[in-house]
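This report concerns only the one structure given below.
What follows draws every value from the coordinates through simple rules; no lab data is involved. This one's a predicted model, so the numbers in the text were calculated from it and none came from an experiment. Every residue, glycine among them, receives a Cβ derived from its backbone with ideal geometry; neighbour counts consider all protein chains shown.
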Amino acid sequence: MIEIGLGIIALYLLVGIFIAIPFVFAGAKKVDPGAVEGTWGFKLLIIPGAAALWPLILKRWMGKAHPTECSAHRRAARR
Amino acid sequence: MSVSYQAVGWNAFKKKYDLLLWAGILLYLAIFSAVGLALNPAATAEILLIRATGTAAIFLLHMILCVGPAARLDKRWLPVLYNRRHMGVSMFLLGLIHAVIVVLTYHAGADLNPVLSIFVSDAGSTVGTFPFQAFGFLALVILFLMAATSHDFWLANLTAPVWKTLHMLVYVAYAFLIVHVVFGVLQSETHPGYLALLVVGFVLVTGLHLLSGAREKALDRGRDQDVAEGYVDVCHIDEIEDNRARIVSLSGERVAVFKYEGKISVVSNACQHQNGPLGEGKFVDGCITCPWHGFQYLPETGQSPPPFTEKIPTFNVKLEAGRILVDPVPNPAGTRVEPAVF
């Protein structure tokens, strides 16, 4: 049981690495203008996070909208 | 608050902070190893390193957990809070070194997968066979997630509330690590001093959180607010120091009522960066400045000065006989509102 769980986690991270590398070079600048001229150090630093959260970054990469913060004041704001 | 992301937004303070942090860590590792070797000459280098990195990581985790509530209770802790993420990443690296040496020493070289071995080597229900290593592994996974998402890129792309929720998992990691230590090293090191240190750390962490929580609750309770024509009477202008703010709860969240240059402006209290308490900051160089990481906003618009792009909700405000009246309905983030002039 534990072996299967660890295998699934390893597979998940392997897929994540394959998605994270193209993401830091192409996807990040699409989802965030601050990443357009991001340094090599920045690209290197976000690889582990991108590999761990790949379903989320894939969704952002394929989508259009930049995420907006959701808070009580932002929800209650006049339209 | 960077136009283009860098690996680290260095400044003189951060350099000094990291230098002190790593000098302290290396000094601790050296002293721990030297004292350990003097007390137990038979100890191997691996054992000394496992224990030195493990205790250093646990000590840093306590510091990290204490500094947040400590800064709410006493502003002198704010400089330590300012670069807490580097302390967190350093703590994760120490935990990772600890785990790698454990795996190489106790789990590698056999037929069994070393990671699987962590889970099956202690899998009983008695104190002696309790799977304490699995708890350490799971805590390390949480700390990895936190370290991996510590860059501002993740704050902007997950948004502060989601990022903060993810980073709240540190309390789960702390609980796992307490179990890891109690059922692990404390089973072989039975001197009561070690257990006492862990208990003191736990009491300090929970005590500071309870104290600061009680203070925050009192702030939210506030006074009875008079409502006139939809506007809420929050206080008299003389109750706010120049270039400072009064924090009050309105529309389900806190707002910061800033007094500066003979004017009053009201903005949502949560900084867009890490939801830091803007109302505990100051008005510096024409901007509301977050006390946590120095993110800035123009008081009339709630926007960061160009070329930065952060925006927070603003509130309509007026003065009547020196009383500050605030419209509780927020304006969309970045909306210009004329300040009340006195």
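Look at the stretch B:243-254: the mean tally of other chain Cβ atoms within 10 Å of its residues' Cβ atoms is 2. Net length available on complete extension from residue B:336 to residue B:236 is 33.7 nm, with 0.36 nm assigned per residue and the Cα-Cα distance removed. Take every pair of alpha-carbon atoms less than 8 Å apart whose residues are at least six positions apart; their mean separation over the length of chain B yields a relative contact order of 12 percent. Rank A:34, A:49, A:16 by mean-square fluctuation in a GNM of chain A with C-alpha springs under 10 angstrom and give only the top-ranked residue. Comparing A:34, A:49, A:16 in a Gaussian network model of chain A, the most mobile one is A:34.
Fully extending the segment from residue B:220 to residue B:194 would add 5.4 nm, taking 0.36 nm per residue of separation and subtracting the current Cα-Cα distance. Using θ = phi - 60° in the Karplus curve 6.51 cos²θ - 1.76 cosθ + 1.60, the 3J(HN,Hα) couplings for segment B:56-66 round to 4, 5, 5, 4, 5, 4, 4, 4, 4, 6, 7 Hz; x is entered for Gly and Pro.
Take each residue of peptide A:31-44, count the partner chain Cβ atoms within 10 Å of its Cβ, and average: the result is 5. Taking the C-alpha atoms only, the angle from helix B:84-102 to the longest principal axis of chain B is near 20 degrees. Exposure proxy for B:209, B:236: other Cβ atoms within 10 Å of each Cβ, ordered fewest to most, give B:236, B:209. Given A:30/B:311; B:16/B:263; B:164/B:318, which pairs have Cα atoms separated by over 27 Å? Violating the 27 Å limit, Cα to Cα: B:16/B:263; B:164/B:318. Legend: ranking of residues A:1, B:168 from fewest to most surrounding C-beta atoms inside 10 Å; resulting order A:1, B:168. For a modelled paramagnetic label at residue B:30, 7 Å from Cα along Cα-to-Cβ, no residue of segment B:93-108 is in reach, as no backbone nitrogen comes under 15 Å. Mean per-residue shielding of peptide B:90-97 is 0, counting Cβ atoms of other chains within 10 Å of each Cβ. The string of couplings for segment B:243-251 from the Karplus curve (6.51, -1.76, 1.60, θ = phi - 60°) is 6, 10, 10, 10, 9, 9, 8, 9, 6 Hz, one whole number per residue in order, with x for Gly and Pro.
Calculate the dipole size of the protein assembly as shown relative to its Cα centre from +1 charges on Lys and Arg beta carbons and -1 charges on Asp and Glu beta carbons; express the result in debye to the nearest 20.
The calculation lands at about 560 debye.
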